[in-house]
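Colleague: Below is a structure I'd like to ask you about.
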Amino acid sequence: MKNFFQIQRENKLSQIPPANQDPKRKWVLWGLPLCGLMGVFEFNRALGGNNLSWVYVMEWPFFGVFLYYMYWKLTQPQEPYDDSDDPKREIE
């Protein structure tokens with residue numbers, strides 16, 4: 001018998017569309033490894049004496065985290081906005 005967590009995981013996995021049906025996922029599949037590789041590349045340059053590369057060593061992982069965060073944020077289901085309770089402004 002399946003427990004609650006297994007059922008929830010199966011439900012979440014069944015809701016994830018394949019990569020070819022989700023155009024935003026390609027940015028994550030290409031972007032995260034690219035940011036990681038660029039971070040390693042800049043780290044090697046920084047160890048070789050290029051002092052400006054230390055900034056990029058910190059910047060590329062930040063770009064990767066930001067890319068994943070935006071992908072996660074944009075793929076979350078959103079409730080429709082209900083403005084029926086908002087007060088109406090008068091037109092002067």
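Laboratory data are not the source of any read-out in this text; all were calculated from the coordinates shown. For clarity, every value in this text was computed on a predicted model and none was experimentally measured. Glycine also receives a Cβ, built like all others from the backbone with ideal geometry; neighbour counts cover every protein chain displayed.
Colleague: Could you list all residues from region 38-60 that are within 20 Å of Trp27 (Cα to Cα) and surrounded by 16 or more Cβ atoms within 10 Å (Cβ to Cβ)?
Modeller: Met38, Gly39, Trp60
Colleague: Let me ask something else about it. Hey, among the residues in region 50-92 that are among the aromatic types (Phe, Trp, Tyr) and under 16 Å from the mean Cα position of the chain (by Cα), which one's nearest to Val40 (Cα to Cα)?
Modeller: Across region 50-92, the extreme among qualifying residues is Trp60.
Colleague: Can you pull out every residue in region 32-90 that is touching a helix residue (DSSP H, G or I) at 6+ places or on another chain (Cβ under 7 Å) and under 29 Å from Asp22 (Cα atoms)? Step through it out loud before you land on a result.
Modeller: Residues of region 32-90 that are touching a helix residue (DSSP H, G or I) at 6+ places or on another chain (Cβ under 7 Å), as a first pass: 32, 35-36, 38-39, 42-43, 45-46, 53-54, 56-57, 60-61, 63-64, 67-68, 71.
Answer for region 32-90, where residues must be touching a helix residue (DSSP H, G or I) at 6+ places or on another chain (Cβ under 7 Å) and under 29 Å from Asp22 (Cα atoms): Leu32, Cys35, Gly36, Met38, Gly39, Trp60, Pro61, Phe63, Gly64, Leu67, Tyr68, Tyr71.
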